Amino acid sequence: MTGTMEFIDTHAHLYDEAFDGEYDLAVRRAVDAGVTGMIFPDIDSTSREAMFALADRHEGTVFPCLGLHPTSIDAGWEKELQALEAYLDRKIYAVGEIGMDCYWSREFIKEQQTALRLQLELADRLSLPVIIHSRDSTELIINVLKECRHLPLRGVFHAFSGSVETFRELQKLGDWYIGIGGVLTYKKASIAETVKEIPLERILLETDSPYLTPVPHRGKRNESSYIPIIAERLASATGRDLEEVASVTTENAKKLFDI
(Lines give C-alpha, C1' and ligand atoms only; values in the text may rest on other atoms or scores of the structure.)
Protein backbone atom coordinates (compact mmCIF):
# COMPACT_ATOMS: atom_id res chain seq x y z
CA MET A 1 0.00 0.00 0.00
CA THR A 2 2.75 2.48 0.91
CA GLY A 3 5.84 1.07 -0.79
CA THR A 4 8.96 2.99 0.25
CA MET A 5 7.06 5.90 1.79
CA GLU A 6 8.12 6.98 5.27
CA PHE A 7 5.72 8.01 8.04
CA ILE A 8 6.11 9.22 11.62
CA ASP A 9 3.51 8.67 14.32
CA THR A 10 3.88 11.80 16.45
CA HIS A 11 1.65 10.58 19.29
CA ALA A 12 1.53 6.95 20.41
CA HIS A 13 1.23 5.23 23.78
CA LEU A 14 2.48 1.80 22.71
CA TYR A 15 3.76 1.33 26.26
CA ASP A 16 0.15 1.32 27.52
CA GLU A 17 -1.13 -1.83 29.27
CA ALA A 18 -3.40 -2.36 26.28
CA PHE A 19 -0.31 -3.76 24.53
CA ASP A 20 0.71 -6.06 27.37
CA GLY A 21 2.61 -9.04 26.00
CA GLU A 22 3.22 -7.48 22.58
CA TYR A 23 4.87 -4.12 23.16
CA ASP A 24 7.79 -4.88 20.87
CA LEU A 25 5.56 -6.55 18.29
CA ALA A 26 3.46 -3.38 18.03
CA VAL A 27 6.59 -1.37 17.30
CA ARG A 28 7.71 -3.88 14.69
CA ARG A 29 4.29 -3.89 13.00
CA ALA A 30 4.53 -0.11 12.71
CA VAL A 31 8.00 -0.25 11.17
CA ASP A 32 6.80 -2.91 8.71
CA ALA A 33 3.99 -0.51 7.71
CA GLY A 34 6.50 2.23 6.91
CA VAL A 35 6.27 4.08 10.23
CA THR A 36 9.95 4.67 10.84
CA GLY A 37 9.54 6.87 13.91
CA MET A 38 7.17 7.02 16.89
CA ILE A 39 6.95 9.84 19.42
CA PHE A 40 5.94 8.59 22.88
CA PRO A 41 4.24 11.28 25.01
CA ASP A 42 4.52 10.80 28.76
CA ILE A 43 1.48 10.52 31.08
CA ASP A 44 2.64 10.29 34.70
CA SER A 45 4.81 8.28 37.09
CA THR A 46 2.67 5.14 36.85
CA SER A 47 3.75 4.39 33.26
CA ARG A 48 6.95 6.40 32.82
CA GLU A 49 9.36 3.53 33.45
CA ALA A 50 7.50 1.32 30.96
CA MET A 51 7.69 4.10 28.38
CA PHE A 52 11.45 4.60 28.75
CA ALA A 53 12.10 0.86 28.80
CA LEU A 54 10.33 0.35 25.47
CA ALA A 55 12.03 3.41 24.01
CA ASP A 56 15.44 2.11 25.11
CA ARG A 57 14.80 -1.19 23.33
CA HIS A 58 13.99 0.65 20.09
CA GLU A 59 16.45 3.53 20.15
CA GLY A 60 16.36 5.48 16.90
CA THR A 61 12.78 4.42 16.22
CA VAL A 62 10.98 5.39 19.43
CA PHE A 63 11.46 8.89 20.83
CA PRO A 64 10.30 9.42 24.45
CA CYS A 65 8.98 12.65 25.96
CA LEU A 66 8.51 13.86 29.52
CA GLY A 67 5.48 15.56 31.03
CA LEU A 68 2.47 15.38 33.32
CA HIS A 69 -0.86 14.76 31.59
CA PRO A 70 -3.69 17.08 32.72
CA THR A 71 -5.98 14.20 33.73
CA SER A 72 -3.24 13.05 36.13
CA ILE A 73 -3.34 16.35 37.99
CA ASP A 74 -5.10 15.92 41.33
CA ALA A 75 -4.45 16.74 45.00
CA GLY A 76 -0.92 15.32 44.73
CA TRP A 77 -0.03 17.09 41.49
CA GLU A 78 2.96 19.03 42.85
CA LYS A 79 4.72 15.83 43.88
CA GLU A 80 3.98 14.33 40.44
CA LEU A 81 5.38 17.40 38.74
CA GLN A 82 8.49 17.30 40.90
CA ALA A 83 9.00 13.64 39.91
CA LEU A 84 9.85 14.82 36.38
CA GLU A 85 13.13 16.25 37.65
CA ALA A 86 14.56 12.76 38.19
CA TYR A 87 14.38 12.11 34.44
CA LEU A 88 15.95 15.29 33.13
CA ASP A 89 19.21 13.46 32.51
CA ARG A 90 17.43 11.28 29.95
CA LYS A 91 17.32 12.10 26.24
CA ILE A 92 13.81 13.43 25.61
CA TYR A 93 12.32 14.99 22.51
CA ALA A 94 9.46 17.11 23.85
CA VAL A 95 7.72 18.17 27.04
CA GLY A 96 4.38 16.43 26.88
CA GLU A 97 1.73 15.36 27.03
CA ILE A 98 0.73 18.53 28.84
CA GLY A 99 -2.29 20.82 28.64
CA MET A 100 -5.80 21.00 30.03
CA ASP A 101 -8.84 18.72 30.09
CA CYS A 102 -12.26 19.96 31.22
CA TYR A 103 -14.09 16.94 29.81
CA TRP A 104 -13.54 14.48 32.64
CA SER A 105 -13.51 16.93 35.54
CA ARG A 106 -13.24 20.63 36.32
CA GLU A 107 -12.17 20.06 39.93
CA PHE A 108 -8.50 20.90 39.45
CA ILE A 109 -8.74 23.47 36.66
CA LYS A 110 -6.57 26.08 38.42
CA GLU A 111 -3.96 23.40 39.18
CA GLN A 112 -4.03 22.31 35.52
CA GLN A 113 -3.39 25.90 34.44
CA THR A 114 -0.47 26.24 36.84
CA ALA A 115 1.02 22.89 35.81
CA LEU A 116 0.72 23.85 32.14
CA ARG A 117 2.49 27.15 32.70
CA LEU A 118 5.29 25.51 34.70
CA GLN A 119 5.80 22.86 32.01
CA LEU A 120 5.87 25.47 29.24
CA GLU A 121 8.65 27.13 31.24
CA LEU A 122 10.40 23.76 31.59
CA ALA A 123 10.26 23.28 27.80
CA ASP A 124 11.81 26.70 27.34
CA ARG A 125 14.55 25.81 29.84
CA LEU A 126 15.29 22.61 27.92
CA SER A 127 14.85 24.19 24.45
CA LEU A 128 12.23 21.57 23.57
CA PRO A 129 8.84 21.67 21.84
CA VAL A 130 5.65 20.78 23.71
CA ILE A 131 2.79 18.38 23.02
CA ILE A 132 -0.50 19.98 24.03
CA HIS A 133 -3.57 18.01 25.13
CA SER A 134 -6.67 20.18 24.77
CA ARG A 135 -10.14 18.82 25.54
CA ASP A 136 -13.03 21.21 26.13
CA SER A 137 -10.40 23.72 27.21
CA THR A 138 -9.15 25.66 24.17
CA GLU A 139 -9.95 29.11 25.54
CA LEU A 140 -8.31 28.34 28.89
CA ILE A 141 -5.15 27.06 27.18
CA ILE A 142 -4.99 30.09 24.90
CA ASN A 143 -5.13 32.30 28.01
CA VAL A 144 -2.11 30.45 29.44
CA LEU A 145 -0.27 30.78 26.12
CA LYS A 146 -0.92 34.52 26.20
CA GLU A 147 0.54 34.66 29.73
CA CYS A 148 3.62 32.85 28.41
CA ARG A 149 3.99 34.93 25.27
CA HIS A 150 7.48 35.97 26.41
CA LEU A 151 8.58 32.36 25.82
CA PRO A 152 9.47 31.03 22.34
CA LEU A 153 6.46 28.70 22.31
CA ARG A 154 6.44 25.87 19.78
CA GLY A 155 4.88 22.45 19.52
CA VAL A 156 1.81 20.54 18.46
CA PHE A 157 -1.83 20.61 19.46
CA HIS A 158 -2.52 16.89 19.70
CA ALA A 159 -5.83 15.54 18.30
CA PHE A 160 -6.75 18.96 16.96
CA SER A 161 -10.49 19.38 16.55
CA GLY A 162 -10.76 23.16 16.44
CA SER A 163 -11.74 25.52 13.66
CA VAL A 164 -9.44 27.15 11.15
CA GLU A 165 -9.99 30.38 13.12
CA THR A 166 -8.58 28.68 16.24
CA PHE A 167 -5.62 27.44 14.21
CA ARG A 168 -4.92 30.98 12.99
CA GLU A 169 -5.18 32.39 16.50
CA LEU A 170 -2.64 29.83 17.71
CA GLN A 171 -0.16 30.92 15.05
CA LYS A 172 -0.15 34.39 16.63
CA LEU A 173 0.94 32.81 19.93
CA GLY A 174 3.82 30.65 18.77
CA ASP A 175 5.05 28.12 16.24
CA TRP A 176 2.28 25.51 16.29
CA TYR A 177 1.51 22.35 14.35
CA ILE A 178 -1.70 20.35 14.63
CA GLY A 179 -1.90 16.59 15.14
CA ILE A 180 -4.35 14.75 12.89
CA GLY A 181 -5.40 11.19 13.72
CA GLY A 182 -8.14 8.61 13.44
CA VAL A 183 -10.99 11.08 14.01
CA LEU A 184 -10.37 12.28 10.46
CA THR A 185 -11.78 8.94 9.20
CA TYR A 186 -15.06 9.24 11.15
CA LYS A 187 -18.31 10.20 9.42
CA LYS A 188 -19.29 13.85 9.87
CA ALA A 189 -15.96 14.72 11.51
CA SER A 190 -15.64 18.50 11.14
CA ILE A 191 -11.85 18.24 10.99
CA ALA A 192 -12.19 16.72 7.49
CA GLU A 193 -13.33 20.16 6.29
CA THR A 194 -10.95 22.15 8.48
CA VAL A 195 -7.80 20.42 7.16
CA LYS A 196 -8.60 21.71 3.66
CA GLU A 197 -7.78 25.23 4.90
CA ILE A 198 -4.67 24.40 6.91
CA PRO A 199 -1.27 24.23 5.19
CA LEU A 200 0.14 20.71 4.99
CA GLU A 201 3.38 22.18 6.34
CA ARG A 202 1.54 22.66 9.68
CA ILE A 203 0.14 19.12 9.98
CA LEU A 204 1.53 16.08 11.81
CA LEU A 205 0.16 12.54 11.65
CA GLU A 206 -0.65 10.68 14.87
CA THR A 207 -2.62 7.72 16.18
CA ASP A 208 -2.96 8.32 19.94
CA SER A 209 -2.66 4.53 20.24
CA PRO A 210 -4.40 2.69 21.80
CA TYR A 211 -7.21 5.29 21.44
CA LEU A 212 -9.06 6.98 18.55
CA THR A 213 -8.76 4.04 16.17
CA PRO A 214 -9.39 4.91 12.50
CA VAL A 215 -12.05 3.33 10.32
CA PRO A 216 -12.15 0.44 9.34
CA HIS A 217 -10.69 -0.70 12.69
CA ARG A 218 -12.80 1.58 14.87
CA GLY A 219 -13.91 -0.14 18.07
CA LYS A 220 -10.66 -2.07 18.32
CA ARG A 221 -7.30 -1.12 19.84
CA ASN A 222 -5.42 1.49 17.85
CA GLU A 223 -1.74 1.14 16.99
CA SER A 224 0.97 2.99 15.09
CA SER A 225 0.83 0.66 12.09
CA TYR A 226 -2.47 2.37 11.17
CA ILE A 227 -0.78 5.70 10.35
CA PRO A 228 -0.93 5.03 6.56
CA ILE A 229 -4.75 4.80 6.84
CA ILE A 230 -4.86 8.28 8.36
CA ALA A 231 -2.43 9.57 5.74
CA GLU A 232 -4.60 8.21 2.93
CA ARG A 233 -7.69 9.92 4.38
CA LEU A 234 -5.80 13.20 4.72
CA ALA A 235 -4.66 12.91 1.12
CA SER A 236 -8.22 12.34 -0.15
CA ALA A 237 -9.67 15.11 2.06
CA THR A 238 -7.18 17.66 0.77
CA GLY A 239 -6.87 16.48 -2.83
CA ARG A 240 -3.20 15.58 -2.52
CA ASP A 241 -1.12 12.55 -3.44
CA LEU A 242 -0.39 10.14 -0.61
CA GLU A 243 3.33 10.48 -1.40
CA GLU A 244 3.17 14.24 -0.77
CA VAL A 245 1.30 13.79 2.52
CA ALA A 246 3.83 11.20 3.68
CA SER A 247 6.83 13.30 2.68
CA VAL A 248 5.68 16.65 4.06
CA THR A 249 4.25 15.39 7.37
CA THR A 250 7.37 13.30 7.97
CA GLU A 251 9.62 16.31 7.38
CA ASN A 252 7.39 18.36 9.69
CA ALA A 253 7.84 15.81 12.47
CA LYS A 254 11.61 15.60 11.97
CA LYS A 255 11.88 19.36 12.13
CA LEU A 256 9.73 19.85 15.22
CA PHE A 257 11.17 16.99 17.29
CA ASP A 258 14.72 17.22 15.89
CA ILE A 259 14.89 13.54 14.97
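The values are calculated or read from the model by the stated rules, or taken from the named source; none is laboratory data. Everything numeric in this text was worked out from a predicted model, so none of it was measured. Cβ atoms come from the backbone with ideal geometry, glycine included; neighbour counts cover every protein chain shown. In case anyone asks, the SASA skips ligands and DNA or RNA and just uses the protein heavy atoms, side chains included. Shrake-Rupley method; radii C 1.70, N 1.55, O 1.52, S 1.80 Å.
Tabulated data for the structure shown
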item: Kirkwood-type radius of the chain, with distances r between different C-alpha atoms, in Å; result: 18.2 Å
item: Karplus (6.51, -1.76, 1.60) ³J(HN,Hα), θ = phi - 60°, over the stretch 35-44, in Hz, Gly and Pro reported as x; result: 8, 7, x, 9, 8, 9, x, 7, 10, 6
item: Where N is the number of residues in the stretch 77-142, Cα Rg divided by 2.2 N^0.38 Å; result: 1.12
item: Value of relative contact order over the chain, rounded to a whole percent, pairs C-alpha under 8 Å and six or more apart; result: 21 percent
item: Of the GluC sites (Glu not before Pro) in the stretch 67-108, those whose Cβ has at most 13 other Cβ within 10 Å and which sit in DSSP loop; result: Glu107
item: Mean residue ellipticity (222 nm) of the chain, computed from DSSP H runs ≥ 4 via -39,500 (n - 2.57), nearest 500; result: -11000 deg cm²/dmol
item: Arg218 versus Glu49: modelled label distance in nm, points set 7 Å from Cα along the beta carbon direction; result: 3.9 nm
item: Sparse-neighbourhood loop sites, trypsin sites (Lys or Arg not before Pro) in the stretch 31-104 - DSSP loop, at most 13 other Cβ within 10 angstrom; result: Arg90, Lys91
item: Where chymotrypsin sites (Phe, Trp or Tyr not before Pro) in DSSP loops with at most 12 other Cβ within 10 Å are excluded, longest remaining stretch of the chain; result: 105-259
item: Inter-label distance for Tyr211 and Lys110, nm, one decimal - labels placed 7 Å from Cα along Cα-to-Cβ; result: 2.6 nm
item: Gain in span if fully extended, Thr238 to Val164, counting 0.36 nm per residue against the direct Cα distance; result: 25.2 nm
item: Chain lengthening between Arg28 and His150 when straightened (0.36 nm per residue, less Cα-Cα); result: 39.8 nm
item: Share of carbon and sulfur in the accessible heavy-atom surface of the chain [1.4 Å probe, %]; result: 47 percent
item: FRET efficiency for Ser247 and Asp89, using Cβ-Cβ distance with R0 set to 45 Å, rounded to 0.05; result: 0.80
